[in-house]
Amino acid sequence: FALQPPSGPAAGGSRVLVQGEGFVGGDNGTRLCKFGAWGIVVAHVINDTRAACLAPAATTEGGVAVEVSLNAQQYTSDRVNLTYYDQFTISDVRPLTTPLSGSTTVTLTGSGLHNFSTVGCKFGAKTV
């Protein structure tokens with residue numbers, strides 16, 4: 001199976017989409033996601049190939065194996081990792097004002113800004 005997104009903040013609370021197969025059917029028991037050896041949460045089944053779990057908080061940065069149970073007893077052994085990262089903080093935004101027409105480069109300064117392959121900024125209702 002696969003996880004989307006493959007990473008989340010160590011504070012937890014990220015919605016993690018689990019992509020696999022066989023989530024519907026069987027004994028109709030509780031579906032669970034296990035994060036490492038410490039975090040077990042209910043998996044909310046979307047359809048036969050997708051379920052969603054809220055990642056629990058982690059004590060440190062790094063990867064943890066995520067496994068899925070279809071019966072609340074046995075878990076997969078795929079060892080697909082979710083990478084936890086420390087929450088970032090923004091300490092400065094420049095410029096402070098821009099024209100309504102947009103197309104202005106905005107620079108963010110802060111800590112914990114990781115080198116992610118995809119990063120977005122939200123200005124009002126618009127994400128860029």
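The values are calculated or read from the model by the stated rules, or taken from the named source; none is laboratory data. Note that the structure is a prediction, hence the values are computed from the model and not measured. Cβ atoms come from the backbone with ideal geometry, glycine included; neighbour counts cover every protein chain shown. Calculation scope for accessible area: heavy atoms of the full protein, side chains included, ligands and nucleic acids excluded. Shrake-Rupley method; radii C 1.70, N 1.55, O 1.52, S 1.80 Å.
Tell me, what % of the accessible area of region 1-102 is carbon and sulfur with a 1.4 angstrom probe? Result for region 1-102: 52 percent of the exposed heavy-atom area is carbon or sulfur. Restricting the calculation to Cα atoms, every distinct pair contributes to the Kirkwood radius of region 1-62, found to be 12.1 Å. Here is the P(r) of region 67-108: all C-alpha pair distances, binned every 5 Å from 0, give 5, 15, 12, 10, 9, 8, 8, 7, 9, 10, 7, 1 in whole percents. Region 11-46 and region 56-128 have Cα centres lying 21 Å from one another. Computed with a 1.4 Å probe over protein heavy atoms only, the accessible surface of the chain comes to 64 Å² per residue. With coordinates expressed along the principal axes, the C-alpha atoms belonging to the chain extend over 58, 30, 19 Å, beginning with the largest. Each peptide in 37-50, 101-114 gets a packing score, the mean of other Cβ atoms within 10 Å over its residues, and the list from highest to lowest is 37-50, 101-114.
Spin-label model, Val119/Asn47: points 7 Å from Cα along the beta carbon direction are separated by 3.4 nm.
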